[in-house]
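Student: I'd like to ask some things about the structure below.
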Amino acid sequence: MQFTQFNSRGHLRHLLTLEGLPAPLLTQLLDRAENFLRPAGSLPARSAALSGITVGNLFTEPSTRTRASFELAGKRLGADVINLEIQLSSRVKGETMLDTIYTLQAMGVDLFVIRDAEAGVHEYVAGHVEDHVSILSAGEAHLSHPTQGLLDALAIRRHCGGFAGKTVTIVGDLRHSRVARSAYHALTTLGIGELRLCGPAQLLPPVGEFHRGRRCTTLEEGLAGADAVMMLRIQRERMAEAEMPEVADYHAQWGLTPARLGLANRDCVVLHPGPMNRGVEIDSTVADGPQSVIQRQVTYGVAVRMAVLEHVAKGRLAHD
Ligand code: CP
């Protein structure tokens, strides 16, 4: 049977990928996330929507933004949140991921947030947990990072004034990027005007993937008239030494400098999922400049994760 992210009542139970999710659901999650945003300096939005629910964060790959924001999101919704330190867990004694999940499930964890470098782990785990338990992806191999895709979509909606007629350019190592894949699914579903894919040939995705995007062979072509540009770092952890571009050459050809940003629309906003490699894919003057919304993306990440946790938890409570 084909895996479905929805429960028997058609409510989102797991979130492993944005691929195939309908536009009204994505819009509902973005709208809800907007409700959780507050002016800078004011107290964060809180609710008791997840009171009595336990969220378990299991990250087998490093993370700053996703892990911290899922933790904050859970706590701000009133959940109990545990963060399993994988290096200090019994995984290092040979326990499998599934046995780890079963152990935490037996302690009452209801929502698992999982980041893993291996493709298929999330779906495998989702196929083995109890009916009331949900799996949310915090990143799967090079394939999927759904909450990142949502927060990027929210940034573009807020700072570009919507999706229709807008041009978004993703630049860099798209081949190894789960961020790019989730952004592609979110933006094409939500009706982006044009999505450009821009980077060195060896770092562009295989032909057949991203088929609704337009491939650009130079940064200048990719940036001309763009409303938003998303810079990606080189995913060194997913490539062999021989594949890695030389940093100075890469920056010279693909790095976003103030002069190059000047080729885009005057109001073009700059996104980066983080972590950034300053001086490689992006200059600090751009990353910290007036067109950058990179820190806003981080803020939107907490709001989006609150929206996703709340939405999935509502479906769970309906189950009970
Ligand atoms: N964008 C992102 O996933 O960042 P982290 O790896 O720090 O979570």
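The values are calculated or read from the model by the stated rules, or taken from the named source; none is laboratory data. Remember, predicted model here, so these are calculated numbers, not experimental data. Please note: Cβ atoms are built from the backbone with ideal geometry, for glycine as well, and neighbour counts cover all protein chains shown.
Student: With the condition kept exactly as written, say whether any residue in region 121-133 is within 10 Å of the chain's Cα centre (by Cα) and assigned by TED's automatic domain parsing to the domain that holds GLY56.
Tutor: Here is the first cut: in region 121-133, the residues within 10 Å of the chain's Cα centre (by Cα) are none.
No: zero hits.
Student: Inside region 267-288, can you point out the residues that are in a loop (DSSP other than H, G, I, E, B), away from the ligand (no atom under 16 Å from the Cβ) and more than 13 Å from TRP254 (Cβ to Cβ)?
Tutor: ASP267, CYS268, ASP288
Student: Suppose the filter is of a type outside the set (D, E, K, R), in contact with a His (Cβ under 6 Å, 6 or more places away or on another chain) and either outside the structural domain of LEU261 (by TED's automatic domain parsing) or crowded, with 23+ Cβ neighbours inside 10 Å (or both); does VAL229 pass it?
Tutor: Values: of a type outside the set (D, E, K, R): yes; in contact with a His (Cβ under 6 Å, 6 or more places away or on another chain): no; either outside the structural domain of LEU261 (by TED's automatic domain parsing) or crowded, with 23+ Cβ neighbours inside 10 Å (or both): yes.
Considered against the rule, which asks whether it is of a type outside the set (D, E, K, R), in contact with a His (Cβ under 6 Å, 6 or more places away or on another chain) and either outside the structural domain of LEU261 (by TED's automatic domain parsing) or crowded, with 23+ Cβ neighbours inside 10 Å (or both), VAL229 comes out as no.
Student: Related question: Do you know which residues across region 193-231 are in contact (Cβ under 8 Å) with a residue 60 or more places away in the chain, of a type in the set (A, V, I, L, M, F, W, C) and either under 18 Å from ASP249 (Cβ atoms) or not in a strand (DSSP E or B) (or both)?
Tutor: Quick first cut of region 193-231, residues in contact (Cβ under 8 Å) with a residue 60 or more places away in the chain only: 227-231.
Remaining after also requiring of a type in the set (A, V, I, L, M, F, W, C): 228-231.
Answer for region 193-231, where residues must be in contact (Cβ under 8 Å) with a residue 60 or more places away in the chain, of a type in the set (A, V, I, L, M, F, W, C) and either under 18 Å from ASP249 (Cβ atoms) or not in a strand (DSSP E or B) (or both): just MET231.
Student: Further, regarding this structure: Mind checking which pairs have a first residue in region 84-106 that is modelled with pLDDT of 95 or more and a second that is of a type in the set (Asp, Glu), Cβ under 7 Å, 6 or more apart or different chains?
Tutor: Cβ pairs passing all conditions: GLN105/GLU130.
Student: Within region 57-80, track down each residue that is within 11 Å of the ligand (Cβ to nearest atom), over 13 Å from LEU136 (Cα atoms) and crowded, with 20+ Cβ neighbours inside 10 Å.
Tutor: The answer is SER69, and nothing else.
Student: Could you list, in sequence order, the residues of region 1-55 that are among the β-branched types (Val, Ile, Thr) and farther than 19 Å from ALA73 by Cβ?
Tutor: The initial filter retains those residues of region 1-55 that are among the β-branched types (Val, Ile, Thr), namely 4, 17, 27, 53-55.
THR4, THR17, THR27, listed by residue number.
Student: Based on what the data block shows, is THR299 polar (S, T, N, Q) and closer than 24 Å to GLY162 by Cβ?
Tutor: Taking the combined requirement at face value, the residue satisfies it.
Student: Scanning region 1-19 for residues that are free of Cβ contacts under 8 Å to residues at least 12 places away in the same chain and of a type outside the set (A, V, I, L, M), which turns out surrounded by the fewest Cβ atoms within 10 Å (Cβ to Cβ)?
Tutor: GLN2
Student: Considering only residues that are assigned to a loop (DSSP other than H, G, I, E, B) and aliphatic (A, V, I, L, M), look in region 105-119 and name the one that is farthest from the chain's Cα centre (by Cα).
Tutor: Keep residues of region 105-119 that are assigned to a loop (DSSP other than H, G, I, E, B), which gives 107-110, 117-119.
Keeping just the survivors that are aliphatic (A, V, I, L, M) gives 107, 109, 117, 119.
Values: MET107: 28, VAL109: 23, ALA117: 14, ALA119: 16 Å.
Ranking the candidates gives MET107 first.
Student: All but one of (1) out of contact with any strand residue (DSSP E or B) (no Cβ under 8 Å at 6 or more places or on another chain); (2) farther than 20 Å from GLY279 by Cα; (3) surrounded by 14 or more Cβ atoms within 10 Å (Cβ to Cβ); (4) of a type outside the set (S, T, N, Q) hold for ARG214, so report the exception by its number.
Tutor: Failed condition: (1).
Student: May I pose another question? ARG178 - would you say it is basic (Lys, Arg), in contact (Cβ under 8 Å) with a residue 12 or more places away in the chain and either at positive phi or within 15 Å of the ligand (Cβ to nearest atom) (or both)? Let's see the steps before the verdict.
Tutor: On the way: basic (Lys, Arg): yes; in contact (Cβ under 8 Å) with a residue 12 or more places away in the chain: yes; either at positive phi or within 15 Å of the ligand (Cβ to nearest atom) (or both): yes.
When the stated conditions are applied, ARG178 passes them.
Student: Further question: Restricting to region 137-157, count the residues that are crowded, with 24+ Cβ neighbours inside 10 Å and away from the ligand (no atom under 13 Å from the Cβ).
Tutor: Residues that pass the stated criteria total 3.
Student: Condition test on VAL247, is it out of contact with any His (no Cβ under 6 Å at 6 or more places or on another chain), of a type in the set (A, V, I, L, M, F, W, C), surrounded by 23 or more Cβ atoms within 10 Å (Cβ to Cβ) and not assigned by TED's automatic domain parsing to the domain that holds ASP116?
Tutor: Values: out of contact with any His (no Cβ under 6 Å at 6 or more places or on another chain): yes; of a type in the set (A, V, I, L, M, F, W, C): yes; surrounded by 23 or more Cβ atoms within 10 Å (Cβ to Cβ): no; not assigned by TED's automatic domain parsing to the domain that holds ASP116: yes.
In short, no.
Student: I need the full set of residues from region 115-135 which are surrounded by 23 or more Cβ atoms within 10 Å (Cβ to Cβ) and within 16 Å of the ligand (Cβ to nearest atom), in order please.
Tutor: Passing the criteria: ARG115, HIS122.
Student: Only one of (1) in contact with a strand residue (DSSP E or B) (Cβ under 9 Å, 6 or more places away or on another chain); (2) over 23 Å from ARG296 (Cβ atoms) is not met by GLU71, so which one is it?
Tutor: (2)
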